[in-house]
Amino acid sequence: MLRLCKSAVKTVAPVRSQIRSPVRVPARAPMLMSVRHYDIPKHLTKIGEEANPDFFRMVEFFYHSAVQVVEPSLVEYLNKHTHMSEKKRLQRVAGILKVMGSCNSCIQMEFPLQRKSGDYDIIQAYRVQHSVHRLPCKGGIRFSDEVNLDEVKALASLMTFKCACSNIPFGGSKGGVSIDPRKYTVAELQRITRRYTLELAKKNYIGAGIDVPAPDFNTSGREMSWVVDTYIKTLGYQDLNAAACVTGKPINGGGIHGRVEATGRGVFMTIEYFIHDEHFMNLCGLSPGFKGKTAIIQGFGNVGSYTGVYLHKHGVKIIGVCEYGANIANPDGINPTDLMKYMEKNKKSAKGYPAAQPAGEDLMYQKCDILVVAAKEKVILADNADKVQAKMVAEGANGPTVPSAHSILVKKNILVIPDLLCNAGGVTVSYFEFLKNLNHVSFGKLSIKFWRDSNTALLDSVQKSLKNANVDAKVSPTKEFASMMSGASEKHIVGTGLEFSMTNACANVAAAAKTHNLGIDLRTAAYITSIEKIFVTYDEHGLAF
Ligand SMILES: NC(=O)C1=CN([C@@H]2O[C@H](COP(=O)(O)OP(=O)(O)OC[C@H]3O[C@@H](n4cnc5c(N)ncnc54)[C@H](O)[C@@H]3O)[C@@H](O)[C@H]2O)C=CC1
Ligand SMILES: O=C(O)CCC(=O)C(=O)O
């Protein structure tokens, strides 16, 4: 948390009842001790009530709602520029906030694909770089027939705020290819991915220092292998760091242990943090701890399934899974690893899973403690938010809750762990993979032998000292120490690094919620922590040539 918050809030505190859910703050809310007020841009004023807003407008709205709360602190922060007049400082704040909220650049492409049948399809695809305040930009590539420019812009802007929230030093970007991958053969998907990569490379939209994609909805290590191979063999062939042009690669191709499960593991870590926080558990009416808790998961792909695995491991009963074309439930609990294996063999479908019963469309709204939404955007809307009975909602997906629904959930005292915090585990481990690629060596590889030898020498030395002192004892390592004698493995570093980063981010967001009197509204708190960090970067680096 930045130093700038506390002092500023003391001097210019927004009216408490109005900032509990900033999403509902009227455009001209009165401020204590200040005549200043930040207006939500005109094109967004109705977004807070809209049933189904455009996705990018939705993210813009959340951003500007958070700015309404934090802007006085930002103004005060610039008081340190004593050489500037007040007018210049206010202009600078307004300028930085405008830049931070806008999309830096987008490319849209169309290219032909000859189908197996001989027919031609024209494939539409996009890459958006929302923010370049840090480089490279970072964000996944999604394959879906719902992909359009608005969606990719929204996802890219979420990446900007997500990276900042978790202190991952990247700008925000995202890519999308408008196809339903189920309708293409593997060979066709490979040709689409390679052509898309080539177009990105030609337009300077990919590269270790420029923009680094990763997996997202409907893509995985397989597609990332095609991306890196295409780049290395074409425009990136002279680039020593070419392997760092994409993350989420299989281990053999320069990937890192733990990226596959990282997003779900990170979702679990955020739930773990808040479920052990008495203050937030009091607010949402849950007893602290995992004991006796139940969960329902919507979307059992990469993110949802691994979230389930970690929740299950910690004693949470997964009583329902909502999947594409098949909702399943079991009040005694579903074993996520078993379901994953079943879906792997069953064309990724949960239909017919023998250890659960088919359930109705309303499964997501059944009573449970934790609802994990891990499928896609705009799932919790104004007309179904009231039906949610869970006490906690973990946003594994990007943008699952629209602003009007967010207000309803806050009013119902449901603790929502917002996307930009909740699903940051993926980009965090992508960052570790990126560093591994730039280092050209895996974590721990150079030091393993040194640590094993030096710890063995340490044990020998203790043994000799005991012998010299006539103590008859055999010195041997405990099981725990034996596993650490060779120093940290890549797996260890990724696991502990991820835990440190996620816990830190949760603590910062929890602190911002308290500092700004936001009650249960972690979304506004998360945007505020991101805005503060990006603001400082722009202030230090400058924002215009
Ligand atoms: N893969 C990653 O590392 C990250 C993914 N995310 C977000 O998480 C969400 C899910 O992504 P992944 O798990 O990677 O995708 P995925 O493609 O592995 O899984 C998505 C799952 O959701 C299911 N699904 C789709 N529509 C559904 C619906 N209407 N109802 C129920 N289930 C539905 C699909 O059948 C599939 O099993 C997306 O919003 C993505 O942007 C966020 C951060 C990182
Ligand atoms: O791993 C990454 O770089 C980005 C993952 C992603 O697309 C996301 O967090 O939404």
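Just a few scattered comments:
- Members of the stretch 290-323 that are in contact with a Phe, Trp or Tyr (Cβ under 8 Å, 6 or more places away or on another chain) and away from ligand 1 (no atom under 16 Å from the Cβ): His314, Gly315, Val316
- Candidates Asn504, Asn470, filtered to the one that is surrounded by fewer than 17 Cβ atoms within 10 Å (Cβ to Cβ), in a loop (DSSP other than H, G, I, E, B) and at pLDDT 95 or above: Asn470
Let's see how each residue does on (1) surrounded by 14 or more Cβ atoms within 10 Å (Cβ to Cβ); (2) charged (D, E, K, R):
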position	(1), (2)
Thr82	no, no
Arg89	yes, yes
Gly101	yes, no
Pro112	no, no
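- Check on Gly285, out of contact with any helix residue (DSSP H, G or I) (no Cβ under 9 Å at 6 or more places or on another chain), small (Gly, Ala, Ser) and more than 16 Å from ligand 2 (Cβ to nearest atom): yes
- Just one of the listed residues (Ala390, Ala394) is outside any strand (DSSP E or B) and not acidic (Asp, Glu), and it is Ala390.
- Restricting the stretch 206-218 to residues that are part of a loop (DSSP other than H, G, I, E, B) and near ligand 2 (Cβ under 9 Å from one of its atoms), the residue that is farthest from Met159 (Cα to Cα): Phe217
Residue-by-condition table, conditions (1) closer than 13 Å to Ile297 by Cβ; (2) part of a strand (DSSP E or B); (3) assigned by TED's automatic domain parsing to the domain that holds Phe274; (4) among the hydroxyl-bearing types (Ser, Thr, Tyr):
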position: Ile328; (1), (2), (3), (4): yes, yes, yes, no
position: Ile334; (1), (2), (3), (4): yes, no, yes, no
position: Met343; (1), (2), (3), (4): yes, no, yes, no
position: Lys351; (1), (2), (3), (4): no, no, yes, no
position: Met364; (1), (2), (3), (4): yes, no, yes, no
position: Lys367; (1), (2), (3), (4): no, no, yes, no
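- First in the stretch 139-155 and more than 21 Å from Gly248 (Cα to Cα), second anywhere and near ligand 1 (Cβ under 9 Å from one of its atoms), Cβ under 7 Å, 6 or more apart: Ala154/Gly399
- Residue ID - surrounded by the fewest Cβ atoms within 10 Å (Cβ to Cβ), chosen from residues in the stretch 507-524 that are in contact with a helix residue (DSSP H, G or I) (Cβ under 6 Å, 6 or more places away or on another chain) and more than 17 Å from Ile408 (Cα to Cα): Asn517
- Selected residue (only one of Lys174, Lys162 is among the basic types (Lys, Arg), in a helix (DSSP H, G or I), crowded, with 23+ Cβ neighbours inside 10 Å and within 11 Å of ligand 1 (Cβ to nearest atom)): Lys162
- Residue that is farthest from the chain's Cα centre (by Cα) [pool: residues in the stretch 264-287 that are of a type in the set (Gly, Ala, Ser) and in a helix (DSSP H, G or I)]: Gly264
- Yes/no for Phe290 being outside any helix (DSSP H, G or I) and either surrounded by fewer than 23 Cβ atoms within 10 Å (Cβ to Cβ) or in contact with a helix residue (DSSP H, G or I) (Cβ under 7 Å, 6 or more places away or on another chain) (or both): yes
- Selection from the stretch 331-364 of residues that are within 26 Å of Cys284 (Cα to Cα), in contact with a Lys or Arg (Cβ under 9 Å, 6 or more places away or on another chain) and surrounded by fewer than 18 Cβ atoms within 10 Å (Cβ to Cβ): Pro331, Asp332, Gly333, Asp362
- Criterion violated by Lys116 - all others in (1) assigned to a loop (DSSP other than H, G, I, E, B); (2) of a type in the set (D, E, K, R); (3) assigned by TED's automatic domain parsing to the domain that holds Thr537 satisfied: (3)
- Flag for Gly140 being surrounded by 15 or more Cβ atoms within 10 Å (Cβ to Cβ), small (Gly, Ala, Ser) and either closer than 26 Å to Ile531 by Cα or more than 16 Å from ligand 1 (Cβ to nearest atom) (or both): yes
- When Ser461, Ser489 are checked against the criterion of being surrounded by 13 or more Cβ atoms within 10 Å (Cβ to Cβ), out of contact with any Asp or Glu (no Cβ under 8 Å at 6 or more places or on another chain) and of a type in the set (Ser, Thr, Tyr), Ser489 stands alone in meeting it.
The values are calculated or read from the model by the stated rules, or taken from the named source; none is laboratory data. Everything quoted here is computed from the prediction, not taken from an experiment. Every residue, glycine as well, gets a Cβ built from its backbone with ideal geometry; the counts of neighbours run over all protein chains shown.
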